[in-house]
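A.B. asks: Following this message is one structure expressed as structure tokens.
Rule-based calculations on the coordinates, nothing more; no lab input. Small disclaimer: the values here were computed from a predicted structure and weren't measured. Note: ideal-geometry Cβ built from the backbone for every residue, glycine included; neighbour counts use all protein chains shown.
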Amino acid sequence: MEAKFVPYTKEIFSKEKTLERSKEHSAYMDLRRTVRDFSTESISEEVLENIVMAASTSPSGAHKQPWTFCVVTNPEIKSKIRIEAEKEEYESYNGRMPEEWLEDLSYLGTDWHKPFLEDAPALIIVFKRSYEIVNGKKRNNYYVSESVGIACDFLLEAIHYCGLAALTHTPSPMNFLSKILNRPENEKPYLLIPIGYLAKDTKVPDLKRKESSEVISFYR
Ligand code: IYR
């Protein structure tokens with residue numbers, strides 16, 4: 001395909017405004033928390049679609065957009081997912097995860113029970129597509145994990161912006177999702193994201209984020 005460029009511009013702010021916006025945005029992002037308690041209040045399909053389309057604006061290797069977002073609101077499918085996830089998680093919490101891992105998780109208070117998989121009005125299951133079939137032939141995608149990871153980040157930010165909450169859930173292993181959702185061979189489950197409004201009286205772990213000095217090294 002021949003390169004074709006089109007004009008592009010976006011709003012430019014003064015230095016002061018740039019600083020103000022950087023502070024505002026950082027504080028706003030700091031308000032996002034991972035939650036595990038969702039209200040059963042529904043979310044419209046239009047909202048869900050807009051959130052996914054925001055995620056799909058993410059950059060990707062060779063602009064292949066190597067992702068599929070399965071949006072599950074069907075209660076029977078959610079139940080099936082919960083049953084299979086809990087089977088795997090039961091095994092993980094009872095022998096598959098080493099002591100050190102369980103110790104690192106203990107402050108989260110998690111166990112193999114996953115009620116949020118039914119309570120949350122929607123589950124977004126993100127699949128990564130390692131290749132495409134074009135005219136009967138395999139065509140590679142590139143930097144698939146990085147691309148899909150960034151798209152999930154956009155998804156989480158869109159969810160936060162709408163006043164909704166989410167959990168980045170990775171039942172392990174996740175192959176059961178491919179079966180339940182009948183996904184093609186070129187797709188592998190990447191992340192399961194329950195999304196919804198906060199349940200009343202939601203509590204989150206009292207965690208602290210790292211200081212800037214712990215996460216940034218400036219090379220001036
Ligand atoms: N997947 C399990 C365990 C778990 C692992 C990590 I790393 C977490 O940050 C949280 C949980 C579960 O969902 O309970």
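A.B. asks: Does the range 102-137 hold any residues that are away from the ligand (no atom under 11 Å from the Cβ), without any contact (Cβ under 8 Å) to a residue 40 or more places away in the chain and more than 27 Å from Pro184 (Cα to Cα), and which are they?
C.D. replies: Glu103, Pro115
A.B. asks: Counting only residues that are closer than 16 Å to Val35 by Cα and buried (at least 16 other Cβ atoms within 10 Å of the Cβ), which one in the range 165-184 is farthest from the ligand (Cβ to nearest atom)?
C.D. replies: Ala165
A.B. asks: Name the residue, out of Cys162, Cys70, that is in contact (Cβ under 8 Å) with a residue 12 or more places away in the chain, away from the ligand (no atom under 13 Å from the Cβ) and more than 27 Å from Leu31 (Cβ to Cβ).
C.D. replies: Just one listed residue meets the conditions, Cys70.
A.B. asks: Quick check, is Glu46 under 21 Å from Gly163 (Cβ atoms), away from the ligand (no atom under 16 Å from the Cβ) and touching a residue at least 60 places away in the same chain (Cβ under 8 Å)?
C.D. replies: no
A.B. asks: Suppose we filter Glu76, Glu84 for residues that are under 16 Å from Lys179 (Cβ atoms), surrounded by 13 or more Cβ atoms within 10 Å (Cβ to Cβ), of a type in the set (Asp, Glu) and more than 9 Å from the ligand (Cβ to nearest atom); which single one remains?
C.D. replies: From the options Glu76, Glu84, the qualifying one is Glu84.
A.B. asks: Can you tell me which residues in the range 115-141 are in a strand (DSSP E or B) and of a type in the set (S, T, N, Q)?
C.D. replies: Asn140, the sole residue that qualifies.
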